[in-house]
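Taking it in order: structure first as structure tokens, then the write-up.
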Amino acid sequence: MNAGSANAISHILVVCEGNHCRGPMAEAFLRAMLPQDIKVESAGLAALEGAPADLEAQRLMADIGLDISAHVGRQLTYEMTVAADLILVMELSQKAWCGQMFPSSLGRIFLLGHWQSPTAREILDPFRQGPEAFRVAFESVRQASSDWPPRLTPKQRSA
């Protein structure tokens, strides 16, 4: 897979189910790790529109210094998929759904966990599953998000 260079990737869209847990966390991680000129946003397939990020997600992110308290859930739209250079989803079913609903986005949709081992590529939804499910999702999202920046930004050469 060639996700492109920093010149090719200027807009990343993170897609999850409700845009309430995994998407806001991944959006914040990627924003913190990527250059500011790369736009990162998130949306959901069945978004809790207008709702803030889940309180447990907010707490986990605040514990590491990332504030997602201003997040507002958004429903995925065709326009969002057209504008994005890279669309990162959490589960294979979401990848299939996006490809079916928005065929023009095929080739730009990847699992957030694409670079993880096959058993860790999908990140399960922790919504209403309790603190342990959130901790597992948080760690999975953090690890999967950290795999992308080196592949999207130019490598720095040492002198």
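The values are calculated or read from the model by the stated rules, or taken from the named source; none is laboratory data. Here the structure is a predicted model, which means the values were calculated and not measured. Neighbour counts run over all protein chains shown; Cβ positions are idealised from the backbone, glycine included.
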Mind listing whichever residues of the range 52-67 are buried (at least 20 other Cβ atoms within 10 Å of the Cβ) and in a loop (DSSP other than H, G, I, E, B)? Ala53, Asp54
Can Glu139 be described as surrounded by 19 or more Cβ atoms within 10 Å (Cβ to Cβ), over 15 Å from Val40 (Cα atoms) and modelled with pLDDT of 95 or more? no
Within the range 25-43, track down each residue that is within 15 Å of Leu86 (Cα to Cα) and part of a helix (DSSP H, G or I). Ala26, Glu27, Leu30, Arg31
Name the residues in the range 73-123 that are among the β-branched types (Val, Ile, Thr) and within 13 Å of the chain's Cα centre (by Cα), would you? Ile87, Val89, Ile109, Ile123
Looking only at the range 62-84, count how many residues are more than 18 Å from Ile12 (Cβ to Cβ), in contact with a helix residue (DSSP H, G or I) (Cβ under 6 Å, 6 or more places away or on another chain) and not hydroxyl-bearing (Ser, Thr, Tyr). 0
Restricting attention to the range 111-126, and to residues there that are in contact with a Leu (Cβ under 9 Å, 6 or more places away or on another chain) and hydrophobic (A, V, I, L, M, F, W, C), which single residue is surrounded by the fewest Cβ atoms within 10 Å (Cβ to Cβ)? Leu111
Among the numbered criteria (1) free of Cβ contacts under 8 Å to residues at least 24 places away in the same chain; (2) farther than 22 Å from Glu139 by Cα; (3) assigned to a loop (DSSP other than H, G, I, E, B), which one does Glu49 miss? (1)
All-but-one check, Gly107 against (1) closer than 29 Å to Arg59 by Cα; (2) without any contact (Cβ under 8 Å) to a residue 40 or more places away in the chain; (3) in a loop (DSSP other than H, G, I, E, B), failing number (1)
Of everything in the range 9-46, what is of a type in the set (S, T, N, Q), within 19 Å of Trp148 (Cα to Cα) and touching a residue at least 40 places away in the same chain (Cβ under 8 Å)? Give them in sequence order. Ser10
Flag if Val15 is farther than 22 Å from Gly130 by Cβ, buried (at least 23 other Cβ atoms within 10 Å of the Cβ) and aliphatic (A, V, I, L, M): yes
Going through the range 85-104 one residue at a time, which ones are in a loop (DSSP other than H, G, I, E, B) and touching a helix residue (DSSP H, G or I) at 6+ places or on another chain (Cβ under 8 Å)? Met90, Phe102
For Val82, all conditions in the list (1) among the β-branched types (Val, Ile, Thr); (2) in a loop (DSSP other than H, G, I, E, B); (3) without any contact (Cβ under 8 Å) to a residue 24 or more places away in the chain hold save one; what is the number of the exception? (2)
